[in-house]
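Read the structure below first, then the notes.
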Amino acid sequence: MASILKSADIVNAKSSVTNYVTTAQQLYSELQSTINNLTSSGFMGDASDGYKEFFTTKVTPALVANLTEAQGSITAGINGMLDTIQEQLLNSVDPGLGKLNQNPGQG
């Protein structure tokens, strides 16, 4: 079954991406706080330092730079694609074209 893409669909999709980013950022902050608390008391030494380095060099880029940053992340790319769809497929179509297509030969 065919569906019709509307501007509201783009707005809803972008809102969902924003909600996802917000949730991911909150979860990252909670994880970072837990890691900081864990490695500052009761878990110290080389193992703790290695754990902090792993979190900083591997986990943080995966969860922040690659996933939720405003520039260059996956979610930024999704928003960019949605903007392109909006501009090229929806905003560039003449609304009168639909009316002419409904009544061919009458325009």
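Considering Cα pairs under 8 angstrom that are at least six residues apart, work out the relative contact order of the chain and quote it in whole percent.
Result for the chain is 31 percent.
In what order, largest first, do 7, 48 sit by accessible area if the probe radius is 1.4 Å? All intermediate terms of the calculation are to be shown ahead of the outcome.
Working: 7 55, 48 0 Å².
I get 7, 48, largest accessible area first.
Please identify the trypsin sites (Lys or Arg not before Pro) of the stretch 1-95 that satisfy two criteria: DSSP loop assignment and at most 14 other Cβ atoms within 10 Å. Which are they?
6
Computed over the Cα atoms, what is the radius of gyration of the stretch 27-86 divided by 2.2 N^0.38 Å, N being its residue count? It would help to have the intermediate numbers written out before the result.
Working: Rg = 15.8 Å, N = 60, 2.2 N^0.38 = 10.4 Å.
Rg over 2.2 N^0.38 Å, computed on Cα atoms: 1.52.
Can you list, largest first and rounded to whole Å, the semi-axes you get for the stretch 1-41 by taking the square root of 5 times each eigenvalue of its Cα gyration tensor?
39, 8, 4
Provide the per residue accessible area, probe 1.4 Å, for the chain, rounded to a whole number of square angstrom.
On a per-residue basis, 73 Å².
Please list the three semi-axes, largest first and in whole Å, of the ellipsoid equivalent to the chain, using sqrt of 5 times the eigenvalues of its alpha carbon gyration tensor.
49, 11, 8
Taking a probe of 1.4 angstrom, what is the accessible area of residue 27 in Å², to the nearest 10?
Per-residue accessible area (residue 27): approximately 100 Å².
Mind jotting down the distance between the C-alpha centroids of the stretch 9-70 and the stretch 75-95, whole Å?
About 30 Å separates the Cα centre of the stretch 75-95 from the one of the stretch 9-70.
Considering only protein heavy atoms and a 1.4 Å probe, what is the carbon-and-sulfur percentage of the accessible area of the chain?
Carbon and sulfur atoms account for 57 percent of the accessible area of the chain.
The values are calculated or read from the model by the stated rules, or taken from the named source; none is laboratory data. A quick note: this is a predicted structure, and the numbers were derived from the prediction, not measured. Cβ: placed from backbone, ideal geometry, glycine included. Neighbour counts: every protein chain shown. Accessible surface is based on the protein model in full, side chains and every heavy atom, while ligands, DNA and RNA are left aside. Shrake-Rupley method; radii C 1.70, N 1.55, O 1.52, S 1.80 Å.
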